[in-house]
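Accompanying notes for the structure given below.
The values are calculated or read from the model by the stated rules, or taken from the named source; none is laboratory data. In this text, all values refer to a predicted model and were calculated from it rather than measured experimentally. No Cβ is skipped: glycine too gets one built from the backbone with ideal geometry, and neighbour counts run over all protein chains shown. These accessible areas exclude ligands, DNA and RNA; they are computed on the full protein's heavy atoms, side chains included. Shrake-Rupley method; radii C 1.70, N 1.55, O 1.52, S 1.80 Å.
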Amino acid sequence: MCQHQPPCPSAVSADRESARLVAHHPEQGWSLLCNGVVLFEDTGELLPDGQVIAPHRPVGAGLTTAA
C-alpha cells in the first residue's frame, strides 16, 4: 500500500502508528494511515484485516493533583 521511501511500518508491526496520514477527520475522531490502519482519537485502532486494538492511553494521562 505504501508508495513512498522509506516505506511506512506495516499494519502488523509494533510501530504501525508512525505511518503517514492519508486522511484526517478530527471532526469525526479518526484518521487513516498509509498502512491501512484507522486510528481513533481515543487511541483505539482498526487494522485492515478487521482486528480491533482497544484504546491504550498511558495510565495517569491528564491527571493532576492539588496540594
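Within the range 36-51, can you find the residues that are assigned to a loop (DSSP other than H, G, I, E, B) and open to solvent by 20 Å² or more (accessible area, probe 1.4 Å)?
Those that are assigned to a loop (DSSP other than H, G, I, E, B) and open to solvent by 20 Å² or more (accessible area, probe 1.4 Å): Glu41, Asp42, Thr43, Pro48, Asp49, Gly50, Gln51.
Okay, residues lined up against (1) part of a loop (DSSP other than H, G, I, E, B); (2) surrounded by fewer than 11 Cβ atoms within 10 Å (Cβ to Cβ); (3) at pLDDT 95 or above; (4) aromatic (Phe, Trp, Tyr):
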site: Met1; (1), (2), (3), (4): yes, no, no, no
site: Ala11; (1), (2), (3), (4): yes, no, no, no
site: His24; (1), (2), (3), (4): no, no, yes, no
site: Pro58; (1), (2), (3), (4): yes, yes, no, no
site: Gly62; (1), (2), (3), (4): yes, yes, no, no
site: Ala66; (1), (2), (3), (4): yes, yes, no, no
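Please work out which one of (1) open to solvent by 80 Å² or more (accessible area, probe 1.4 Å); (2) modelled with pLDDT under 95; (3) in a loop (DSSP other than H, G, I, E, B) is the condition Glu17 fails and give its number.
Result: Glu17 fails condition (3) only.
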